[in-house]
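What follows is one structure encoded as structure tokens, with my remarks underneath.
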Amino acid sequence: MRYIRIHKEGRIILATLTLVLLLLNLYVYTKFPFWAMIVNVVISSFLLFFFAYFFRNPPRKVTIDDSGLVVAPADGTIVVVEPTDELEHFGDQRIQVSIFMNVFNVHANWYPVNGTVVKSIHHSGRHMAAFLPKSSTENERSTVVIETPASTQILVRQIAGALARRIVTYARAGKKATINEHLGFIKFGSRVDLFFPLDTQVFVQVGDKTTGNETIIARLNE
């Protein structure tokens, strides 16, 4: 039987919403005409379905036989593929690949490579639209740097958007990063940037769709 798996980040929210809507419907049932009850039930059902859909957690497993391959950390659309100065950690030019997630995408984020987390830091910031270039450095964001077994470092940046108000990052310095495991979760509209060495072979272009923990987006030169 198929059912929607709910991500742990959404369970308390859904439980609270269910309780509030139940009490509201009971109140409407006792105080208002029957037609008002029907309207309220329809609206409540839509809200519950939307939040359950947003916090869905589809089971995804990928088997990689090439340690240099990079798997998409998020569902969404490629909005940037270009050389960029990455000044927060590397201090030099890197290839930037950015994935924009709209409100209908799965919002769980996966580790794109196997390795070890060498840095994980959260930055407060603005909440401008996540597809804007400045959002990478001015919005609220979390920066995670992962070192592969071949000693290549890549940077993954979770970025809040205009609607996003909370970035959850499970990565911690010293933690093992493993493909098929969640790196974090971004709530309501967001973006993920990746920064690779310039000799990385990138397989995606602007406009391509990605599926988190399934789409191969690049190969590191290891």
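The values are calculated or read from the model by the stated rules, or taken from the named source; none is laboratory data. Just so we're clear, the structure is a prediction, and the values are computed from it rather than from any experiment. Note that each Cβ is placed from the backbone with ideal geometry, even for glycine, and that neighbours are counted across all protein chains shown.
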For residues that are part of a strand (DSSP E or B) and touching a helix residue (DSSP H, G or I) at 6+ places or on another chain (Cβ under 9 Å), tally how many sit in region 76-101.
-> 4
When residues of region 63-79 are limited to those that are among the β-branched types (Val, Ile, Thr) and at pLDDT below 90, the one surrounded by the fewest Cβ atoms within 10 Å (Cβ to Cβ) = THR63
Can you list the strands (runs of 3 or more DSSP E) found entirely within region 148-205 that contain at least 1 residues being more than 20 Å from LYS61 (Cβ to Cβ) and out of contact with any Asp or Glu (no Cβ under 9 Å at 6 or more places or on another chain)?
-> 166-169, 182-187, 190-196
How many residues, within region 187-222, are farther than 17 Å from LEU155 by Cα, in contact with a Lys or Arg (Cβ under 9 Å, 6 or more places away or on another chain) and in contact (Cβ under 8 Å) with a residue 40 or more places away in the chain?
-> 5
Looking at (1) at pLDDT 90 or above; (2) over 23 Å from LEU194 (Cα atoms), which is the only condition PHE32 fails?
-> (1)
For ARG172, indicate whether it is at pLDDT below 90, surrounded by fewer than 15 Cβ atoms within 10 Å (Cβ to Cβ) and farther than 18 Å from VAL71 by Cβ.
-> no
Looking across region 3-35 at residues that are charged (D, E, K, R) and in a helix (DSSP H, G or I), the single one that is surrounded by the most Cβ atoms within 10 Å (Cβ to Cβ) is GLU9
For residues that are over 20 Å from MET101 (Cα atoms) and exposed (fewer than 15 other Cβ atoms within 10 Å of the Cβ), scanning just region 175-190, find the one that is farthest from the chain's Cα centre (by Cα).
-> LYS176
Looking at region 146-158, is at least one residue modelled with pLDDT under 65, assigned by TED's automatic domain parsing to the domain that holds ARG191 and surrounded by fewer than 15 Cβ atoms within 10 Å (Cβ to Cβ)?
-> no
